[in-house]
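Any read-out appearing in this document is the output of simple, stated calculations on the displayed coordinates, not a laboratory observation. From a predicted model like this one, the values you see are computed outputs, not experimental measurements. Cβ coordinates were reconstructed from backbone atoms using ideal geometry, including for glycine residues, and neighbour counts include every protein chain displayed.
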Amino acid sequence: MVFPVKRVLVVGVMLVLLGAGCGSSKLGAKALSQEAKSLQSQAAEGALLARDAVSGKTTRIYTREHSSDLYRAASKAEASLKAARTQPTLEPELRRLAELATRISTDLQHLGGASMDEERALARELQAAADESEKIGEALQ
Amino acid sequence: VSLKNVLAVALGILSAIGGFVDIGDLVFNTQAGATFGFQLLWVVVIGVVGIIVYSEMCGRVSAVAKRPVFDLVRERTGFGAGMATLIASEVVNLMTCTAEIGGVAICFQLLSGLPYRLLIPLAVLGLVVASWVLPFVWIERVFGYLGLCLLVFAVAAIKLHPRWGHVAHGFLPGSHSGGSLMVYLYFVVGLLGAAMTPYEVYFYSSGAVEDRWGLEELGLNKVTAMIGYGLGGLLSFALMIVAGVLFLPRGISPEFLGTPALAAEHTLGQTGLLLALIGILFAVGGAAIETSFSGAYNLAQFFGWRWGKKERPAVASRFTLSWLVIFALALLLVMTGYDPVKLTEYSVIFSVVALPLTYLPILLVANDHTYMGANVNGKLANFFGGLYLILILAIAVAAIPLMLLTHGGKG
C-alpha cells in the first residue's frame, strides 16, 4: 500500500506537535533538579536583597528594579512548571516545585514596594523557600 | 624621562585598567565564581597573559609597520579566509555591541528606575554623541577612568574576608569540585574568550595607528599592555572572588547584570552599590563604543577605505557610516527584548571561534623582517605567541560543542 507523500507529511507534523505536548513538556529528574536550582538561586538572591534593604544598604530604586527582574524570572519558571508533565514517581516533586515557584514569585513581586517590616518577613520567607528548593534539588540528584 | 611622559604613561595605564572589563568579563567571572568558587582563577591569569602577549605584539606592529590588524588579516590569509574572518568578527562585534548597549540600559534602569525600553534608545543616543563629539583619546580616558569605579569590587573582595589560602590555591590548575567536568571546561573556554576577545586587539591596534604611534611609543606600548591589562585582570579576580564568597554558598547563580552590583552593595552599602553601577555603566558603555568602532575599522581596513576617528566624517564617510550602522543595528536587536546576559554568553563563545584567524596574522607579521626590521618578535614573544596560538586553536574547536553539551554552562 502506498501513502501519498502529503498525507504522510501532515501526519508527521501532527505527531511532532502531539509529541511536543502543544506547550507542555515532560520533565525528567535532571530537568526538575535544574528547575529547583534556578528557584533556589532566585529565592536566595531575593532574600539577600531583602535583608540588605532592611539594613539600609541598598537604594529603593535598585531594590524595586532588581526584585522585579527576579520576579519575572520566577514567574516564568512558575508558568513552565505548572504546564509541565513528568513521570508518576516524580509528580509530588513537580507539584512542590510549582507551589514553591508561586510563593517565590509572589514574594519577589511584593519586595519592590514593601515596608521595612514586610521586607524582614519576605527575607525570611524567601530564605525558607531557597532552603526548600535546595532540598528538593538534592533529593532529585 | 620627563614628568609629562610619566603622566602620559600613567594615564594610559589607568584607562587600560578601567577599560579592561566588559560585559563578557562581568558575566563569565561572576558565573564562574558562583559555580566553582576560586577554582578557575588560574584561567584568568592565562587569559590576561594572552591578551598582554598579543596586544603588545599588535601594538608593536602598528607602531613599526603602521599596519592595523585587519589590514594584515586580509594580506596574510588571502581574500577568502579574510572575508570569512571579517564576517565572523562583524557578527561577533554586533552581538557584543548589542549586549553592551543592553548592559548600559540596564545600569541606567537600576540607577534611575525608568523603563528599560525607554532607556535603550537614550543609551544609544548618548553613546553616538560621545563617539561623535569626543576625540579618540578622550573616549578612551572618559570611559576608562570612570570604569575604574569597578575597583569597588576589589575592596569588596577584601572586605568579604575570603580564605586567602583557598584563593591562592585557585591560581593552580587541578582537580575541581562543584560541577561536572564539561561545565568546568565550558567556563575555562568562556573565561579565556572573555579575556582575549578579538575586538580588543582590533581596537588596540587601530587606536595605535590613530594615535600615530612610532618607534618612540614602543616602550609605552609595552608598559600599557603589561601593567594596564595586568592590573585590569585584578578586576576579574575580584569579581570571581566576591561571587565565590557571597553567591556560591547561597546557591545564587547570577542571571542578571544587576547581580554583581549586589556584592558591592552587600559589603559597602549604598556607596558601594552606586560605585559598582557607575563602574559597570562606563565599562560596558566604553566597550559598546569599542565594538562599534572595531566593526567599522575591520570593514574599512579590509576594503581599503579611508578610516580613522581623526578624519573628518565627510572624508572617512564609509567608516563613519559603518559605526553608525553598527549602533543602529544593535539598537534594533536590543529592542527585540532578548536578554543581554544570554547574548553575552553566545557572543563570547562565538568570538572564541574567530580567535585563531585574528591572532595568526599578527604572529606572522610580528616575525616578518620586511615589516618589522629590528623589532621582530624575540624568542620569548614567539614562545608565548606560539603557545597561545595552540591554546586558541584548541578552545576554538571545543567552544561550540561545550556550549551545546552544557546548555550554556547549566549542566
Fill in the blank from the handout: One point scatterer per Cα, no solvent, Debye formula: log10 I(q)/I(0) for the stretch A:51-141 at q = 0.12, 0.13, 0.18, 0.23 Å⁻¹ comes out as -0.41, -0.47, -0.80, -1.11
Problem - the stretch B:115-255, relative contact order in percent, only Cα pairs under 8 angstrom and at least six apart counted - result: 49 percent
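Report the percentage of all Cα-Cα pairs in the stretch B:29-95 whose separation exceeds 13 Å, rounded to a whole percent.
On the way: 1638 of 2211 pairs.
Every Cα pair in the stretch B:29-95 considered, those over 13 Å come to 74 percent.
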Practice task
Show that you can apply the helix-only estimate: for the protein assembly as shown, add -39,500 (n - 2.57) for every DSSP H stretch of four or more residues, divide by all residues, and state [θ] at 222 nm to the nearest 500.
Solution key: -26500 deg cm²/dmol
Problem - Shielding by other protein chains, A:125-131, mean Cβ within 10 Å - result: 1
Handout entry: Candidate aspartates and glutamates - alpha carbon under 16 Å from residue B:310, same-chain residues fewer than 8 apart omitted
Key = B:140, B:210, B:211, B:290
Fill in the blank from the handout: Within the set B:174, B:82, B:50, GNM on chain B using Cα springs under 10 Å gives the largest fluctuation to B:174
Exercise for the section: Distance check, please: which entries in A:37/B:159; A:135/B:342; A:76/B:342 exceed 23 angstrom between their Cα atoms? Expected result: A:37/B:159; A:135/B:342
Problem - 0 to 90° range, to nearest 10: angle between helix B:69-112 axis and chain B longest Cα axis - result: 40 degrees
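Under the classification rounded if a/c is under 1.5, otherwise prolate if a/b is larger than b/c and oblate if not, where does the stretch B:259-411 fall, given a ≥ b ≥ c as square roots of the Cα gyration tensor eigenvalues?
On the way: a/c = 1.70, a/b = 1.24, b/c = 1.37.
Since a/c reaches 1.5 but b/c is at least a/b, the shape of the stretch B:259-411 is classed as oblate.
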Practice task
Scan around residue A:26 for amide H atoms under 5 Å from its own, H built in the peptide plane at 1.01 Å from N, and keep only partners 5 or more places away or cross-chain.
Solution key: A:85
Practice task
Give the share of C-alpha pairs in each 20 angstrom bin for chain B, from 0 to the last occupied bin, in whole percents, shortest bins first.
Solution key: 29, 61, 10
Handout entry: For the stretch A:81-104 and the stretch B:299-340, distance of Cα centres in Å
Key = 48 Å
Practice task
Could you tell me whether the protein assembly as shown comes out rounded, prolate or oblate from its Cα gyration tensor? Rule is a ≥ b ≥ c as square roots of the eigenvalues, rounded for a/c under 1.5, then prolate if a/b exceeds b/c, otherwise oblate.
Solution key: prolate
Exercise for the section: Specify the residue with the greatest mean-square fluctuation among B:309, B:342, B:379, computed from a Gaussian network of chain B linking alpha-carbon atoms under 10 Å apart. Expected result: B:379
Exercise for the section: Provide the descending list of Cα extents for the stretch B:194-332 along its principal axes, expressed in whole angstroms. Expected result: 54, 41, 24
Practice task
Give the dimensionless ratio obtained when the Cα radius of gyration of the stretch B:115-167 is divided by 2.2 N^0.38 Å.
Solution key: 1.75
